[in-house]
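The values are calculated or read from the model by the stated rules, or taken from the named source; none is laboratory data. Every value quoted in this text rests on a predicted model; they were computed, and no experiment measured them. A quick note on method: Cβ atoms are made from the backbone with ideal geometry, for glycine too, and the neighbour counts reach across all protein chains shown. When the accessible area is computed, the model is the full protein with side chains, heavy atoms only, and any ligands, DNA or RNA have been set aside. Shrake-Rupley method; radii C 1.70, N 1.55, O 1.52, S 1.80 Å.
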Amino acid sequence: MLAGLAANVHQSSPGMKLRFFPYTLQLRHAFGIAGSTRTTTPAMIAELEHEGVTGYGEAAMPPYLGESQATAAVFLEKAAALLAGVRDPYQREEILPAIDALAPGNPAAKAAVDIALHDWIGRKLGAAWHRLWGLDARKAPVTSFTIGIDTPDLMRAKTREAAVYRILKVKLGRDAATDRASIDAIREATDKPITVDANQGWRDREEALRMIEWLAGRGVVFVEQPLAKERLDDTAWLRARSPLPLIGDESVQRLADVLKVRGVFDGINIKLMKCTGLREARQMIVLARALGLKVMLGCMTETSCAISAAAQLSPLVDWADLDGAVLIANDLFDGATIVDGRITLPDRPGIGVVKR
Ligand code: MG
């Protein structure tokens, strides 16, 4: 009764109409990282309608990050009320900080609104966001393809399935013997460059250093988040000795975190679901560059909606890890594609997606 009343209020308003519904992403393979394995990812799809145009957004919420379809629904109800009062949807710099201020946390739910608003504006203007930002789509980078933690046999099989990709990302962060067996299994199947993500899994900095020294002789490009996210002093110690660049992921969520990791990491991994969306992601890229940090653009398991949004920024970054949509079996959208391992931006307005 109350929900119906709220919907009517939004409909009769001259402002923007936000709809949202839960959606469960089905993973093609069980996805193992240090600390957990799962076969689905809860998500929320957002649709932002105004003046006959609909923009799409998405929140993808791996459970260990603390958001859920229930928390997103609570947040998006508040966002819907705010958006119903918006008179000028082009005022991103007014609207998105107001959305952020509705409640602390909720970065993925905020990203759903940010992506939908960007999509709506781009569609209304008839331009893709990479063009509005003045970027060259031909500079979109190759993307890595993630091989989750598994048995050596399955890791070899997954490596062969990933033939089209030019860089593989390997999830490590278990004990040294398991980690070495994983790399050995992949190296039996390919000599492609590998990036390693320890997902905070290594406990001891000396042991982490020995592992990184071992990895440096095996075609590894960089190591993501070797130690727990709050252990910045130990990570700086490790970086001073590491033969490979260290990239911060869990240690770097939002814009202000970029300042904290100067001298700790060589680069940062930006994800829309951590940083509340495209507006702040672009600010983080600018700040990271000013601080001399490398930039990587990553993702959760996501549909082509959130992946295509991130892909619009990809010509600005050093490395992309935007394989989230190819890891799921029930994508709701067509959008950015991966051609010969490279991110390929569609010639469509907004974030470049079409609902299937
Ligand atoms: Mg990571």
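Name every residue in the range 195-215 that is out of contact with any helix residue (DSSP H, G or I) (no Cβ under 8 Å at 6 or more places or on another chain), surrounded by 14 or more Cβ atoms within 10 Å (Cβ to Cβ) and farther than 17 Å from Thr143 by Cβ, in order of residue number.
Once the filter is applied, which keeps residues that are out of contact with any helix residue (DSSP H, G or I) (no Cβ under 8 Å at 6 or more places or on another chain), surrounded by 14 or more Cβ atoms within 10 Å (Cβ to Cβ) and farther than 17 Å from Thr143 by Cβ, the range 195-215 yields Asn199, Gln200, Gly201.
Give the residues of the range 79-104 that are in a loop (DSSP other than H, G, I, E, B) and surrounded by 14 or more Cβ atoms within 10 Å (Cβ to Cβ), sorted by residue number. Reasoning before the result, please.
As a first pass, look at the range 79-104 and keep what is in a loop (DSSP other than H, G, I, E, B): 85-91, 101-104.
Residues satisfying the conditions are Val86, Pro89, Leu102, Ala103.
What are the residues in the range 228-238 that are more than 19 Å from Met300 (Cβ to Cβ) and either part of a helix (DSSP H, G or I) or within 14 Å of the ligand (Cβ to nearest atom) (or both), if any? I'd like the intermediate steps shown before the answer.
Step one: filter the range 228-238 for residues more than 19 Å from Met300 (Cβ to Cβ), giving 228, 230-238.
Scanning the range 228-238 gives Ala228, Leu232, Asp233, Asp234, Thr235, Ala236, Trp237, Leu238.
Out of the residues in the range 230-263 meeting the condition of being more than 15 Å from the chain's Cα centre (by Cα) and open to solvent by less than 10 Å² (accessible area, probe 1.4 Å), tell me which one is nearest to Ser314 (Cα to Cα).
Within the range 230-263, the match that is nearest to Ser314 (Cα to Cα) is Val258.
Take the residues in the range 138-167 that are touching a residue at least 60 places away in the same chain (Cβ under 8 Å), of a type in the set (A, V, I, L, M, F, W, C) and assigned to a loop (DSSP other than H, G, I, E, B); name whichever of them is least open to solvent (accessible area, probe 1.4 Å).
Ranking the qualifying residues of the range 138-167, first place goes to Ala140.
Yes or no: Leu332 surrounded by 21 or more Cβ atoms within 10 Å (Cβ to Cβ) and either in contact with a helix residue (DSSP H, G or I) (Cβ under 9 Å, 6 or more places away or on another chain) or at pLDDT 95 or above (or both)?
Numbers: surrounded by 21 or more Cβ atoms within 10 Å (Cβ to Cβ): no; either in contact with a helix residue (DSSP H, G or I) (Cβ under 9 Å, 6 or more places away or on another chain) or at pLDDT 95 or above (or both): yes.
For Leu332, the condition - surrounded by 21 or more Cβ atoms within 10 Å (Cβ to Cβ) and either in contact with a helix residue (DSSP H, G or I) (Cβ under 9 Å, 6 or more places away or on another chain) or at pLDDT 95 or above (or both) - is not met.
Among the residues of the range 239-256, what is the count of those that are within 16 Å of the ligand (Cβ to nearest atom) and in contact with a Leu (Cβ under 8 Å, 6 or more places away or on another chain)?
The qualifying residues number 3.
Can you find, within the range 177-208, the residue that is farthest from Thr159 (Cα to Cα) among those that are part of a helix (DSSP H, G or I) and within 16 Å of the ligand (Cβ to nearest atom)? Give the steps one after another, and end with the answer.
Taking the range 177-208 and keeping what is part of a helix (DSSP H, G or I), we get 177-189, 205-208.
Imposing the further condition that a residue be within 16 Å of the ligand (Cβ to nearest atom) reduces the set to 179, 182, 208.
On the way: Asp179: 16, Ser182: 11, Ala208: 25 Å.
Among residues in the range 177-208 that are part of a helix (DSSP H, G or I) and within 16 Å of the ligand (Cβ to nearest atom), the one farthest from Thr159 (Cα to Cα) is Ala208.
For the range 267-287, state whether one or more residues are away from the ligand (no atom under 14 Å from the Cβ) and over 24 Å from Arg92 (Cα atoms).
For the range 267-287, residues away from the ligand (no atom under 14 Å from the Cβ) and over 24 Å from Arg92 (Cα atoms): absent.
Answer yes or no: is there a residue in the range 210-227 that is within 13 Å of the ligand (Cβ to nearest atom) and of a type in the set (Gly, Ala, Ser).
Within the range 210-227, none of the residues are within 13 Å of the ligand (Cβ to nearest atom) and of a type in the set (Gly, Ala, Ser).
Taking the options Leu76, Leu48, name whichever one is under 11 Å from Ala108 (Cα atoms) and either at pLDDT 95 or above or surrounded by fewer than 19 Cβ atoms within 10 Å (Cβ to Cβ) (or both). Show your work before the answer.
On the way: Leu48 fails: under 11 Å from Ala108 (Cα atoms).
That would be Leu76, the only listed residue that is under 11 Å from Ala108 (Cα atoms) and either at pLDDT 95 or above or surrounded by fewer than 19 Cβ atoms within 10 Å (Cβ to Cβ) (or both).
So in the range 310-329, with the set limited to residues that are within 16 Å of the ligand (Cβ to nearest atom) and under 20 Å from Tyr23 (Cβ atoms), which one is most open to solvent (accessible area, probe 1.4 Å)?
Narrowing the range 310-329 to residues within 16 Å of the ligand (Cβ to nearest atom): 310, 317-324, 327.
From what is left, the residues that are under 20 Å from Tyr23 (Cβ atoms) are 310, 322-324, 327.
Values: Ala310: 2, Leu322: 6, Asp323: 4, Gly324: 1, Leu327: 27 Å².
Looking at the filtered set, the residue picked out is Leu327.
Looking only at the range 184-194, decide whether some residue is under 20 Å from the mean Cα position of the chain (by Cα) and open to solvent by less than 20 Å² (accessible area, probe 1.4 Å). Reasoning before the result, please.
The first filter runs over the range 184-194 and keeps only residues under 20 Å from the mean Cα position of the chain (by Cα), leaving 194.
Those left that are additionally open to solvent by less than 20 Å² (accessible area, probe 1.4 Å): 194.
Yes, the range 184-194 contains a residue that is under 20 Å from the mean Cα position of the chain (by Cα) and open to solvent by less than 20 Å² (accessible area, probe 1.4 Å).
Which number in (1) at pLDDT 95 or above; (2) farther than 29 Å from Gln200 by Cα; (3) surrounded by 17 or more Cβ atoms within 10 Å (Cβ to Cβ) marks the one condition that Gly15 misses?
For Gly15, the failing item is (1).
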